[in-house]
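Input: a single structure, listed below in structure tokens.
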Amino acid sequence: MKPLKASYRLGARVVRALPPGARYSVWGAGGVAWYALSVGQRRAALSNYAAVLGLPRDDPRVARTTRAAFRNYGKMLADFLLLGSLGPEEVPARLSLEGGEHIERVVRAGAGGILALPHMGSWDFAGALGSILGYRVSAVAETFPGSLDEAVVEARSLLGLDIIPLRRSAVRAINQRLDRGQLVALMCDLPPPGGGGVEVGFFGKRAVVPSGPAAIAIKRQVPLLPVFSRGDRPGHYHVHVDPPVGQPDIETTGRKDAPAVMMQRVMERFERFIREYPEQWYAFKSVLM
């Protein structure tokens, strides 16, 4: 077996062997250590969470929330490793779902749909909601180095999640999935890694976010549904599906501006959920201007 793939699987077995209490304590402590050592990410995160909480950046409550977010990210990484040791039959017991009827309606309509997610909870487990409802979900994701990518894709596949690599061919692959009436999940709350995007209002400030989810939904005339996940107890995630975001009136907004209008509506949904669970949003880079 290739070294990186073997290391991932070994890590998955080690994480699984640990009692849950020890597993999440160790990885949560790792997240807190990251908060302490990564000065640049800590500074960016403090600014983001200050805006979310509506507090001055130096307020102690901002630091507590930021530290908790890093801790939760560490715990999420433990679950990311754990994916490599889970069987398909184990996934439903680690998930609860609210709003599944919105997805059921999209699937029954047969034209496919876009799921818009923020970096909250565990997007891997959020994408696994199809395993509860009985169908597969495709997700656009960045690739990992070498054979590690192969191992992660295999683990995600067991969750009912098919991966579309984030590269130039991604748009064609998304359209192929929509042609088959499938669902495609896209992360869209942080600045796009390759630049570009559209400017939106977010927590009373400006942010640049990917336009792709809205642009595709408008072009294909398919629903765009915000989806959120949060950890509600160790190793378990609650997934919430919102009703579809309204399509903008092209005659009013103009075709060029329509994606920005629709993404603004998405971000307003994100705001509501992030305000309720700020410590589960992973915003460790400059997001708000």
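Before I look further, what does the chain give for accessible area per residue, probe 1.4 Å, in whole square angstrom?
Spelled out: the 1.4 Å probe surface of the chain, per residue, equals 45 Å².
For every other residue with a beta carbon closer than 10 angstrom to the beta carbon of Gly112, add +1 if it is Lys or Arg and -1 if Asp or Glu, then tell me the sum. Walk me through the intermediate numbers first.
On the way: positive: Arg177, Arg180, Arg220; negative: Asp179.
Local charge sum for Gly112: +2.
Of all the accessible heavy-atom surface of the chain, with the other protein chains kept in place and a 1.4 Å probe, what percent is carbon and sulfur?
Result for the chain: 54 percent of the exposed heavy-atom area is carbon or sulfur.
Based on alpha-carbon atoms only, what is the radius of gyration of the range 89-178 relative to the globular estimate 2.2 N^0.38 Å?
Normalised by 2.2 N^0.38 Å, the Cα Rg of the range 89-178 equals 1.10.
Step by step: find N for the range 131-271, compute 2.2 N^0.38 Å, then divide the Cα radius of gyration by it. What's the final number? Mind dumping the intermediate values first?
Numbers: Rg = 15.9 Å, N = 141, 2.2 N^0.38 = 14.4 Å.
For the range 131-271, the normalised Cα radius of gyration is 1.11.
How would the range 64-218 be classified by its alpha-carbon gyration tensor: rounded, prolate or oblate, with rounded meaning a/c under 1.5 and the a/b versus b/c comparison settling the rest?
rounded
Compute the signed sum of charges (Lys and Arg +1, Asp and Glu -1) over the other residues within less than 14 Å, Cβ to Cβ, of Ser47.
Every neighbour counted, the sum reads +4.
The range 222-287: which trypsin sites (Lys or Arg not before Pro) are DSSP loop and have at most 14 other beta-carbon atoms within 10 angstrom?
Details: sites: Arg230, Arg255, Lys256, Arg265, Arg269, Arg272, Arg275, Lys285; in loops: Arg255, Lys256, Lys285.
In loop regions of the range 222-287 (DSSP not H, G, I, E or B), the sparsely surrounded trypsin sites (Lys or Arg not before Pro) are Arg255, Lys256, Lys285.
In sequence order, what are the phi-derived ³J(HN,Hα) couplings for the range 105-116 according to the Karplus relation 6.51 cos²θ - 1.76 cosθ + 1.60 with θ = phi - 60°, rounded to whole Hz, with x for glycine and proline?
In residue order, the calculated couplings are 5, 5, 5, 5, 5, x, 9, x, x, 10, 9, 9 Hz.
Considering Cα pairs under 8 angstrom that are at least six residues apart, work out the relative contact order of the chain and quote it in whole percent.
Details: 517 pairs, mean separation 72.7, N = 289.
Relative contact order here is 25 percent.
Of all trypsin sites (Lys or Arg not before Pro) in the range 32-132, which ones are in loop regions per DSSP and have a Cβ with at most 15 other Cβ atoms within 10 Å? Before the final figure, lay out the partial values.
On the way: sites: Arg42, Arg43, Arg57, Arg61, Arg64, Arg67, Arg71, Lys75, Arg94, Arg105, Arg108; in loops: Arg57.
Loop-located and lightly packed - Arg57.
Over the C-alpha atoms of the range 1-126, what are the Rg and the largest Cα-to-Cα span, Dmax, in Å?
Over the range 1-126's Cα set, Rg and Dmax evaluate to 18.2, 51 Å.
Can you tally the net charge around Glu271? Count Lys and Arg as +1, Asp and Glu as -1, for every other residue whose Cβ sits under 14 Å from the Cβ of Glu271. Intermediate results must be reported in sequence, preceding the final value.
Details: positive: Lys205, Arg206, Arg265, Arg269, Arg272, Arg275; negative: Asp189, Asp242, Glu268, Glu276.
In short, +2.
Counting each pair of different Cα atoms once, what's the Kirkwood radius of the chain in Å, rounded to one decimal?
Its Kirkwood hydrodynamic radius stands at 19.5 Å.
Name the long-range amide H neighbours of Ile164: under 5 Å, sequence gap of 5 or more, or other chain; modelled H, no Pro or chain starts.
Close amide H contacts, sequence-distant or interchain: Ala139, Val140, Ala141.
Would you mind computing, in nm to one decimal, how far apart the modelled labels at Ala17 and Arg275 are, each placed 7 Å from Cα along Cα→Cβ?
It works out to 4.7 nm between the two label points.
The values are calculated or read from the model by the stated rules, or taken from the named source; none is laboratory data. As the structure is a computational prediction, the values presented were derived from the model and not from experiment. As a convention, Cβ positions derive from the backbone with ideal geometry for all residues, glycine included, and neighbour counts pool all protein chains shown. Note: areas computed on protein heavy atoms with side chains; ligands, DNA, RNA excluded. Shrake-Rupley method; radii C 1.70, N 1.55, O 1.52, S 1.80 Å.
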